[in-house]
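Structure first, commentary second.
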Amino acid sequence: MFGAPLTWEGITILPGWRDGTGNDIVLDHYTRIKADVLFTLCDSYVLDAEVLAKMNVAHWIPVDCYPPNFREQANLKVSGAMPIAMSRFAKSHLEAAGFDPRYIPHGIDITTFSPPADLKTQREAIGISPETFVVGINAYNKDVMRKAFAEQFRAFATLHARHPDSVLLVHSAVMDPGAVDLQAVAAACGVEGAVLFPDQYSYACGMMTAENMASWYGSLDLLSNCSYGEGFGLPIIEAQACGTPVVVTRASAMTELCGSGWKVGGDEFWVPAHRGWWIRPDVEEITQALEAAWQVRENGDMPAMRAKARQFALRYDADVVLKEQFAPVLEEIEGKL
């Protein structure tokens, strides 16, 4: 964000300058407002560690591979920042790399993200029959690999061949420079008519509110989040808060976030950009999970899974996270000032 400062809900938002990651102005902001501590929420290896070393810094870090990204580790060593892991996975692998991280997971507004009052009405609002089996994917289409669109589309194609009254709702950009042409993937899998995308103008302009997304999650029978790795995986928790079970890859933070649903295995592969391992989810295992979810619904057992999903997600209520994880870390930081 560039230009003049903005105010959002009483909070001043300071602009960036020439450098897109703020390296050329963050120290000036820190000094001008007499900050006590700088919290970062990003892949911190994009930040200038020598600049960060001049401030009191806490890195809230997404770790989606193991070992953690080698540049991330180098940044932490040079900057001297306090690492804060947003998953148990990240905490354990940062510890294995010789760091002493704290743990604070993401939190969500469980009032906004809550089960729909009436699934039938919810489905009718988006033009889908209550009898249709609905799978959803909510993933940013920027990285050509990590979100595993192709693997998940192929699994859905097999399910759709068995159960034609099924659709895949994909909350993403259909195409983005350097990303995946999702229409082409759907066509290659033979399911282009059964894969539905949001209005691309509204998506691009960020016009979909949290309430819109809660309605979207609530209309699903299952959220598929079988990516190669996740720093956290907010859609997994948001969906479960709305009473929707999930299927995830048994990898990174995803494993600990699946309270109601299925975990699928895959093959490890080396990621040179990270010097770490990701997991490519197995298409057949995803297919089996989709089929299992379909059977659960057919057997009338979905309400129990929905209730279990909601109950699990409550532990990630933002107020709970603030009290149980965030506040103790803030008190520790304050004690060191």
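Values in this text are rule-based calculations from the coordinates and carry no lab data. Source: prediction; values computed, not measured. With ideal geometry, Cβ positions are generated from the backbone for all residues, glycine too; neighbour counts draw on all protein chains shown.
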Task: Placed amide H near Tyr66: partners under 5 Å, 5+ positions off or other chain - done: Trp277
Task: Antiparallel content of DSSP bridges confined to the chain, in %, to 5 - done: 25
Task: For q = 0.11, 0.13, 0.16, 0.17 Å⁻¹, Debye-computed log10 I/I(0) when each Cα of region 196-311 counts as one equal scatterer - done: -0.40, -0.56, -0.81, -0.89
- [ ] Choose one of Ala187, Trp277, Leu94: the residue whose Cα lies farthest towards the positive end of the charge dipole of the chain (beta-carbon charges +1 Lys, Arg; -1 Asp, Glu; about the Cα centre).
- [x] Leu94
TODO: Just give me a number: lysine pairs in the chain, eight or more positions apart or cross-chain, with C-alpha atoms less than 18 Å apart.
DONE: 7
TODO: Quick one: which residues, 5+ away or cross-chain, put their amide H under 5 Å from the amide H of Gly261? H built at 1.01 Å from N.
DONE: Val246
TODO: With an 8 Å cut-off on Cα pairs and a minimum separation of 6 or more residues, tell me the relative contact order of region 119-316 in percent.
DONE: 21
Task: Stokes-Einstein D for region 119-316, Kirkwood Rh over Cα pairs, 10 °C, 1.306 mPa s (µm²/s) - done: 95
TODO: State to the nearest 20 debye the size of the charge dipole of the chain about its Cα centre, where the only charges are +1 on K and R beta carbons and -1 on D and E beta carbons.
DONE: 360
- [ ] Starting with the fewest neighbours, write out Met254, Met302 ranked by other beta-carbon atoms found within 10 Å of each beta-carbon.
- [x] Met302, Met254
Task: the chain pair-distance distribution - Cα-Cα, 10 Å bins, rounded % - done: 5, 23, 32, 25, 12, 3, 0
Open item on the list: Based only on other Cβ atoms within 10 Å, what is the fewest-to-most ordering of Val271, Val170, Val191, Val248?
Closed with: Val271, Val191, Val170, Val248
Task: Relative contact order (percent, whole number), the chain, Cα cutoff 8 Å, 6+ residue spacing - done: 17
- [ ] Hey, could you get me the Stokes-Einstein D for region 191-246, Kirkwood radius over alpha-carbon pairs, 25 °C and 0.890 mPa s, rounded to whole µm² s⁻¹?
- [x] 194
Task: Structure-based [θ]222 nm, the chain - -39500 (n - 2.57) summed over DSSP H runs of at least 4, per residue, nearest 500 - done: -10500 deg cm²/dmol
TODO: Sort all Cα-Cα distances of region 78-171 into consecutive 10 angstrom bins from zero, then give the percent of pairs in each bin up to the one containing the longest distance.
DONE: 12, 24, 29, 21, 11, 2
Open item on the list: To the nearest 20 Debye, how big is the dipole of region 174-295 about its Cα centre, given +1 on the beta carbon of each Lys and Arg and -1 on that of each Asp and Glu?
Closed with: 240
TODO: Determine the principal axes of the Cα atoms in region 1-143, then give the extent along each, sorted from largest to smallest and rounded to whole angstroms.
DONE: 59, 42, 28
TODO: Order by neighbour count: Glu211, Glu192, fewest other Cβ atoms within 10 Å first, most last.
DONE: Glu211, Glu192
Open item on the list: Using DSSP to call loops (not H, G, I, E or B), can you name the GluC sites (Glu not before Pro) in region 1-105 whose Cβ has at most 14 other Cβ atoms within 10 angstrom?
Closed with: Glu9
